[in-house]
Amino acid sequence: GEFYLREYLIQRVDERTVDQAATGWGGDNYVIYYNDTAGQSVMAIRLAWDSPADSEQFGGAFAAYANAAYGNPVEETADGVRCRAVAVEVVCSTSLLGDWLIVRAPNMEIAKAVIAAQR
């Protein structure tokens, strides 16, 4: 898990930031849903951290990753969900009870529904 997280972040973030962000990784789980009729998929990953400080470091690193990878304007909701429109989908991230949830979905409505189901 931590190895794959490092490999993911290093694509867009410097090694020092990756090391600080990934060191406190405490586990994760993910799901992928595919709607064959619509030809659309949704991916959600929830990452756990060893401490609140580790969670905060990851949040900063993922924000840097998203800025570099997507560069699109961020839409932030009142409850702290940060979303970006990316080509034909959206990518959203939010902190949930010390974990981080990242969702890729075909549109904002679906992304927010997935996040709401995790709260």
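The values are calculated or read from the model by the stated rules, or taken from the named source; none is laboratory data. These numbers come from a predicted model, not from an experiment. Cβ atoms come from the backbone with ideal geometry, glycine included; neighbour counts cover every protein chain shown.
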How do the pairs read when you match residues in the stretch 97-119 that are under 19 Å from Ser51 (Cα atoms) with residues anywhere that are of a type in the set (Ser, Thr, Tyr), using Cβ under 7 Å and keeping only pairs 6 or more apart or on different chains?
Gly98/Ser55; Trp100/Ser55; Trp100/Ser93; Leu101/Ser93; Leu101/Thr94; Ile102/Ser93
Pick from the stretch 41-72, criterion over 15 Å from Asp99 (Cα atoms) and modelled with pLDDT of 95 or more, ranking: nearest to the chain's Cα centre (by Cα)
Met43
Looking at (1) of a type in the set (Val, Ile, Thr); (2) under 19 Å from Met108 (Cβ atoms); (3) modelled with pLDDT of 90 or more, which one does Val88 not meet, given that it meets all the others?
(3)
Any residue that is exposed (fewer than 14 other Cβ atoms within 10 Å of the Cβ) and among the charged types (D, E, K, R) - is there at least one of those in the stretch 28-44?
yes
Kindly provide the set of residues from the stretch 48-72 that are among the hydrophobic types (A, V, I, L, M, F, W, C) and over 24 Å from Val86 (Cβ atoms), ordered by number.
Ala48, Trp49, Ala53
Taking the stretch 72-89 as the region of interest, how many residues are under 18 Å from Tyr8 (Cβ atoms) and in contact with a strand residue (DSSP E or B) (Cβ under 7 Å, 6 or more places away or on another chain)?
3
If you scan the stretch 75-97, which residues turn out to be of a type outside the set (A, V, I, L, M) and surrounded by 15 or more Cβ atoms within 10 Å (Cβ to Cβ)?
Arg82, Cys83, Arg84, Glu89, Cys92, Ser93, Thr94, Ser95
